[in-house]
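**Q** Can you keep this structure in mind? I'll have questions shortly.
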Amino acid sequence: MRTHSVRQDEIQHQWYLVDASGKTLGRLASKIAAILTGKNKAEFTPSIDMGDGVIVVNAEKIVLTGNKMIQKLYHRHSQYPGGLTSVRAKDLMKKDPGAILENAVKGMLPHNKLRTPRFNRLKVYAGGTHPHQAQNPAVLEIERVR
């Protein structure tokens, strides 16, 4: 048996449109991360960037289960002494609804050289419209599981 290795010129990137209204954050983020890495394709090769692009709309309608909206904290540090800043998920959702989903997806992508180009193919919008009609995105239905 010979194993077929996919070449860079054989890869075709497709765009998907996902409606995030009513979806659970972690479950949605894991599906998006799998699409960005290309794991939904039969010819998946870990060392080649063969993932597809994902456009997410209605990010402000994402659901966090339990008390995570109040208890979950997002941290950042300015690299100066005493520079730790923590923000609750509820406050971050008011300020930038897409940041919660972007942070979750970025944490689920592999930490290697392909992380940045894969993450750059994720476009998140708070409202129901997006400016990417030229990519002809296929609507991707992700069922809501509780």
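**Q** Using only the Cα atoms of the chain, construct the convex hull and provide its projected area averaged over every direction, in square nanometres to one decimal.
**A** 11.4 nm²
**Q** Kindly give Rg over Rh for the stretch 88-146, based on alpha-carbon atoms, with the Kirkwood expression for the hydrodynamic radius.
**A** Expressed as Rg/Rh, it is 0.99.
**Q** Report the gain in length on full extension from R88 to H13: 0.36 nm times residue separation, minus Cα-Cα distance, nm rounded to one decimal.
**A** The R88-H13 span can extend by a further 23.4 nm.
**Q** Using just the helices of the chain, give the 222 nm mean residue ellipticity in deg cm²/dmol: DSSP H runs with n ≥ 4 each add -39,500 (n - 2.57), and the total is spread over all residues, rounded to 500.
**A** -7500 deg cm²/dmol
**Q** Whole Å is fine, so just give me how far the alpha carbon centre of the stretch 97-146 lies from that of the stretch 29-67.
**A** Centre-to-centre (Cα) distance: 6 Å.
**Q** At 0.36 nm per residue, and after removing the present C-alpha to C-alpha distance, how many nm does the segment from F44 to H77 gain when stretched out fully?
**A** This chain segment gains 8.3 nm when fully extended.
**Q** Can you tell me the 0 to 90 degree angle between the C-alpha axis of helix 97-108 and the longest principal axis of the chain, rounded to 10?
**A** 50 degrees
**Q** What angle do you read, to the nearest 10 degrees and between 0 and 90, between the alpha-carbon axis of helix 25-37 and the longest principal axis of the chain?
**A** For helix 25-37, the angle is close to 30 degrees.
**Q** Could you tell me what percent of the DSSP beta bridges with both partners in the stretch 1-90 are antiparallel, to the nearest 5?
**A** Close to 45 percent.
Any read-out appearing in this document is the output of simple, stated calculations on the displayed coordinates, not a laboratory observation. Note that the structure is a prediction, hence the values are computed from the model and not measured.
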